[in-house]
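J.: Below: one structure in structure tokens.
The values are calculated or read from the model by the stated rules, or taken from the named source; none is laboratory data. Computed from a predicted model, the values in this text were never measured in an experiment. We place every Cβ from the backbone using ideal geometry, glycine too, and count neighbours over all the protein chains shown.
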Amino acid sequence: MSARSGATPVSGDDDATTRRGGAADADVGGRGRSVEVDQRVITKPARTSVAAVFALVFGVLALFSVLTVILAPVGLIFGVIGLILGVVGLRRARRPGITGKGVAAGGLVLSVVAVLLAIAFAVGVVTVLNNQSAVDRLQQQVQSVRDKLPAQVTVPH
């Protein structure tokens, strides 16, 4: 039902249709009488922006992927897609009859966090791999694990 004063539901119609009754200002037939006019106000339910929903989905996927560390490059890609869809979703949410501003903002925030974490992870990996002493320590750790393994492993049949 409409929030306007004087609006009453039209019997037999759905809740989105209302009727406003009131006197018209028109002079009918030159007699100075006012006429009761029925006006129908049809409102559509607001739709959520599809771009906003996909921004949230890609933001969650990106953050999950980055936090698993192994899938960080995939998370970076999902994060960039989420950023683009978040901006598009915010712009579309400004249109009348379209909602989803909060959904788009949530997707945008998650995507930004995922992209920043993926970049920080990549910088950390590159820094460690470019540091010769860190590479030497990794090689020593791998060699010590190999030394602890048995020379032959027998598999029972």
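J.: Do you know which residues across the stretch 24-34 are modelled with pLDDT of 60 or more and either surrounded by 12 or more Cβ atoms within 10 Å (Cβ to Cβ) or among the small types (Gly, Ala, Ser) (or both)?
T.: Answer for the stretch 24-34, where residues must be modelled with pLDDT of 60 or more and either surrounded by 12 or more Cβ atoms within 10 Å (Cβ to Cβ) or among the small types (Gly, Ala, Ser) (or both): Gly32, Ser34.
J.: Same structure, new question: Quick one: which helices (runs of 4 or more DSSP H) lie wholly within the stretch 55-157 and hold at least 2 residues that are among the hydroxyl-bearing types (Ser, Thr, Tyr)?
T.: 101-130, 132-148
Residues are listed down the side, and each one gets a yes or a no for (1) closer than 25 Å to Val66 by Cα; (2) not hydrophobic (A, V, I, L, M, F, W, C):
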{"position": "Leu76", "(1), (2)": "yes, no"}
{"position": "Ile84", "(1), (2)": "yes, no"}
{"position": "Leu110", "(1), (2)": "yes, no"}
{"position": "Val113", "(1), (2)": "yes, no"}
{"position": "Leu117", "(1), (2)": "yes, no"}
{"position": "Val128", "(1), (2)": "yes, no"}
{"position": "Gln139", "(1), (2)": "no, yes"}
{"position": "Val145", "(1), (2)": "no, no"}
{"position": "Ala151", "(1), (2)": "no, no"}
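J.: Ok, one more. Thr99 versus (1) over 30 Å from Gly124 (Cα atoms); (2) within 9 Å of the chain's Cα centre (by Cα): which is the lone unmet condition?
T.: Going through (1) over 30 Å from Gly124 (Cα atoms); (2) within 9 Å of the chain's Cα centre (by Cα) one by one, Thr99 breaks only (2).
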